[in-house]
1. Going through Asp103, Asp124 one at a time, which residue ends up being among the acidic types (Asp, Glu), more than 23 Å from Pro248 (Cα to Cα) and in contact with a Ser or Thr (Cβ under 6 Å, 6 or more places away or on another chain)?
2. Could you list, in sequence order, all residues of the range 71-118 that are β-branched (Val, Ile, Thr) and not in a loop (DSSP other than H, G, I, E, B)?
3. Are any of the residues in the range 46-57 touching a Leu at 6+ places or on another chain (Cβ under 9 Å), in a loop (DSSP other than H, G, I, E, B), surrounded by 23 or more Cβ atoms within 10 Å (Cβ to Cβ) and free of Cβ contacts under 8 Å to residues at least 60 places away in the same chain?
4. Can you tell me how many residues within the range 173-204 are closer than 22 Å to Ile231 by Cβ and in contact with a strand residue (DSSP E or B) (Cβ under 7 Å, 6 or more places away or on another chain)?
5. Going through Leu138, Leu127 one at a time, which residue ends up being at pLDDT 95 or above and within 19 Å of the chain's Cα centre (by Cα)?
6. Among the residues of the range 162-209 satisfying the criterion of being under 28 Å from Asp333 (Cα atoms) and among the hydroxyl-bearing types (Ser, Thr, Tyr), which is surrounded by the fewest Cβ atoms within 10 Å (Cβ to Cβ)?
Amino acid sequence: MRRQTGICIFTWKARQGYDKIALLHPAGDYYNRKAQIKMKLLITGGTVFVSKFTASYFAGRGHEVYVLNRGTRPQAEGVNLIKADRNSLGSALNGMYFDAVIDVCAYKEADINNLLDAGIKFDDYVLISSSAVYPETLPQPFNERQPIGKNSIWGDYSSGKVGAEVCLTSRYPNAYVIRPPYLYGPMQNLYREPFVFECADLKRKFYIPGDGEMKLLFFHVEDLCRFIYVILKQHPDNHIFNVGNTQPVSISTFAELCYRAAGAPLEKVFVKDHPNQRDYFSFHNYEYLLDVSLQNEIMPEQKDLYCGLKESYEWYKSNKEEVRKKPYIDFIDRNFQ
């Protein structure tokens, strides 16, 4: 039976980054550090949000982590840097062996080919793809058996992820492909929940599209890392997985949870007559659901959304400069005040 656990523990070390901001998870060997197998891992990227969190997560649990990036940003603590551009790897990876490749930064077919043609050796390959590979015209909730193709909401990003998946699964059929919805949590550099946090910190009213009932689906970045580990340890027969919280949340409730995480009162303003919500809101006007039953068979617990947002806010307070802001507040002040 699936559950969302609800005991929040918050400890944050600003110098070291992510430490133990976590939920207490039910007993289970893949939550137990002592029971974990130790692996030599290659993680693409490693300097921004998902890839950085993933590198920190596995390095912090004693795995031998190598990150592949250009070395232009600070690296996560405890990792080994392979300094190279994915588009011109040369001999950077030639002959190197890894227990697993965790490919967080493949956005198109060429990204896959560049890595596979670099002389690398590995046992497992995990691709972090996206739920954007499902065309919006398919019946919902989207499931792993449906055909993938361009989603017009996500445009070239969708097409690129489709190309990456098709390339990888044709060249390496044993690869695992993970399709998350909106990812959130500490190290979030996209102006999604950080936008709501900023509004909360400034004690601003929050402008909500329509009636506020449009649903959003989230997955905490730590849950993503836990799921990667489960896959690498269990090697399930299924090789393509949707991941995400079992239950979506409305925009209105999401705003409430973000303001609560920031400890601020919320006054909602519902915007009924503006055609493009991306002018003032951080998510597309696109509601979709994922069937995550295959995920729940092997990892039934997900982090409680409020607890996850509280973690994200605790990180945001000390790292605001890392967030890529957009002019939503300026637009609101010029058009809705």
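The values are calculated or read from the model by the stated rules, or taken from the named source; none is laboratory data. Just so it is clear, the model here is predicted, and its values are computed rather than measured. Because the Cβ atoms are built from the backbone with ideal geometry, glycine has one as well, and the counts that use them run over all protein chains shown.
1. Asp103
2. First, pick out the residues of the range 71-118 that are β-branched (Val, Ile, Thr): 72, 79, 82, 101-102, 104, 112.
Residues satisfying the conditions are Ile82, Val101, Ile102, Ile112.
3. Looking for residues that are touching a Leu at 6+ places or on another chain (Cβ under 9 Å), in a loop (DSSP other than H, G, I, E, B), surrounded by 23 or more Cβ atoms within 10 Å (Cβ to Cβ) and free of Cβ contacts under 8 Å to residues at least 60 places away in the same chain, one finds at least one in the range 46-57, hence yes.
4. Result for the range 173-204: 11.
5. Numbers: Leu138 fails: within 19 Å of the chain's Cα centre (by Cα).
When all the criteria are applied, what remains is Leu127.
6. Among those that are under 28 Å from Asp333 (Cα atoms) and among the hydroxyl-bearing types (Ser, Thr, Tyr), it is Tyr191.
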